[in-house]
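Chemist: Sending over a structure as structure tokens; questions will come in a sec.
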Amino acid sequence: MDTSQFISKPLDNLVENTRFTWQTPSNIALVKYWGKSNPQIPKNASISFTLKNCHTITTIDFQKKEKTDRVVFDLLFEGEKKEEFKPKIADFFLRIQEYCPYILEYNMRINSENSFPHSSGIASSASGLSAIAMCLMSLEKQLNTNLSDAFVIKKASFLARLGSGSASRSIEGPLVVWGNHPLIKGSSDLFGVQFPFKLHSVFENYQDTILLVDKGEKQVSSTIGHNLMHNHPFAENRFKQANENLSKITTILQEGDQKAFVNLVESEALTLHAMMLTSNPYFILMKPNTLEIINKIWAYREANNSAICFTLDAGANVHVLYPESEKLAVVAFIEKELSLFCQNNQFINDHVGLGALKH
Ligand code: DP6
């Protein structure tokens, strides 16, 4: 795969001091990415709704220094040094330094904050890594003003992917596809692209309420999780199914077929968990309350002829998806009947957003 377009040309006239702040969102996959090969190449294409309220805001202060062969940075989380987050970010910088050699000539002070509560079980890697990628691309654009905005977005997604696969889908919105797929023109395993077709109005401003069922540490890190797909007995069929589901959802999203959407999205969530149930070692990431919530959602859908559905990440929390037209009724249902199954009754109301925002 040709990655040479992403290698920055040697830049002179590096500025002494500069600083950028970006807000980038989390995203929720409808067709899931689960399984990858090196370097961060997905085994199948995936598609996600970009979120709005769940986001990270990151500022990077760049200060010019003598060139070294190692990236030098400080990492602060909400103003306080966070040594335990450093190795993941150091690995990320190591992976991207061939594409962004200028980072070896700066001291970087990274300060991040999340809009969602600490250890809420909401993955912060997608929003965290995409925010850093946008700050780096703002620096690159300042150093090389010839870069087009479209290239800046594309390379930011490319860099974010090298930090965390799903982060490649957190630069733009409302729907992003990552992974090469025959129906999505311009799609690539290297970066995310906007869903290229007109979205039916029923899917505009879709709502996502995240039910915080279990706020504990992740039981399975994403690296371990993706590795479980190597030698998994069902892996090849799963990758094929995901690509077929991406074809199907491409039609569903344009035609506004809500019944088919509900069916596909819930099946994807359960298949992701089925992959973990049938791996070796095996994991059960749902909690009893996850199942209680799923059953309540099914009963509500049946009784109210609703288009509500659920999806899951690699954890116990439940994302409740529903059209904006049902917002009042569904939020009341969540408050009354689903919040009881959340830790401290906590949930976050979110909706689809448009991606990275410069501060
Ligand atoms: C279940 O993007 O967290 O959320 O590339 O190892 O950082 P790494 O994995 P990550 O995996 C996300 C998996 C998922 C499904 C999805 O978002 O598509």
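The values are calculated or read from the model by the stated rules, or taken from the named source; none is laboratory data. These numbers were taken from a predicted model, which means no experiment stands behind them. Methodologically, a virtual Cβ is constructed for each residue, glycine included, from the backbone with ideal geometry; neighbour enumeration extends over all protein chains shown. The protein model used for the area step is the full one, side chains on, heavy atoms only, and it has no ligands, DNA or RNA in it. Shrake-Rupley method; radii C 1.70, N 1.55, O 1.52, S 1.80 Å.
Chemist: Does any residue in region 319-331 that is open to solvent by 10 Å² or more (accessible area, probe 1.4 Å) come within less than 7 Å, Cβ to Cβ, of a residue that is part of a strand (DSSP E or B) and among the acidic types (D, E) six or more places away or on a different chain, and which pairs are these?
Modeler: Short answer, once both residue conditions are applied: H319/D208.
Chemist: Consider region 30-41. How many of its residues are buried (at least 23 other Cβ atoms within 10 Å of the Cβ) and under 12 Å from S168 (Cα atoms)?
Modeler: Of the residues in region 30-41, 1 are buried (at least 23 other Cβ atoms within 10 Å of the Cβ) and under 12 Å from S168 (Cα atoms).
Chemist: Next up: Check off (1) loosely packed, with under 15 Cβ neighbours inside 10 Å; (2) on the phi < 0 side of the Ramachandran plot for E78 and give me the number that stays unchecked.
Modeler: (2) is the only condition that E78 fails.
Chemist: Next question, about the same structure. Suppose we filter Q23, Q40 for residues that are at pLDDT 95 or above and at positive phi; which single one remains?
Modeler: Details: Q23 fails: at positive phi.
Among Q23, Q40, only Q40 is at pLDDT 95 or above and at positive phi.
Chemist: List pairs: first residue in region 1-24 and in the same structural domain as K65 (by TED's automatic domain parsing), second residue exposed (fewer than 12 other Cβ atoms within 10 Å of the Cβ) and not charged (D, E, K, R) anywhere in the structure, Cβ distance under 8 angstrom, at least six positions apart or on different chains.
Modeler: Qualifying pairs under 8 Å: T21/H359; W22/H359; Q23/H359.
Chemist: Among the residues of region 199-256, which ones are more than 22 Å from F283 (Cα to Cα), exposed (fewer than 14 other Cβ atoms within 10 Å of the Cβ) and not β-branched (V, I, T)?
Modeler: Residues satisfying the conditions are S201, E204, K240, E244, E255.
Chemist: Follow-up question, since we're still on this one. In region 95-148, which residues are within 15 Å of the ligand (Cβ to nearest atom) and at positive phi?
Modeler: If the condition is that a residue be within 15 Å of the ligand (Cβ to nearest atom) and at positive phi, then G121 is the only one that fits.
Chemist: Tell me which strands (runs of 3 or more DSSP E) are completely within region 156-237 and hold 2 or more residues being out of contact with any Ser or Thr (no Cβ under 7 Å at 6 or more places or on another chain), or say none if there are none. Talk me through it step by step, then tell me what you get.
Modeler: Working: elements: 175-178, 192-194, 207-211.
Filter on region 156-237 gives 207-211.
Chemist: What residue, of I348, I297, is surrounded by 19 or more Cβ atoms within 10 Å (Cβ to Cβ) and part of a helix (DSSP H, G or I)?
Modeler: Working: I348 fails: part of a helix (DSSP H, G or I).
Going through I348, I297 in turn, just one is surrounded by 19 or more Cβ atoms within 10 Å (Cβ to Cβ) and part of a helix (DSSP H, G or I): I297.
Chemist: Being within 19 Å of the chain's Cα centre (by Cα) and part of a loop (DSSP other than H, G, I, E, B) narrows it down to one of I122, I89, I57, so name that one. Working first, answer last.
Modeler: Values: I89 fails: part of a loop (DSSP other than H, G, I, E, B); I57 fails: part of a loop (DSSP other than H, G, I, E, B).
The unique qualifying residue is I122.
Chemist: Next question. Which of the residues spanning region 332-345 are crowded, with 16+ Cβ neighbours inside 10 Å and over 18 Å from T290 (Cα atoms)? Let's see the steps before the verdict.
Modeler: First pass over region 332-345, keeping only residues crowded, with 16+ Cβ neighbours inside 10 Å: 333-334, 338-339, 341-343.
Result: no residue meets the conditions.
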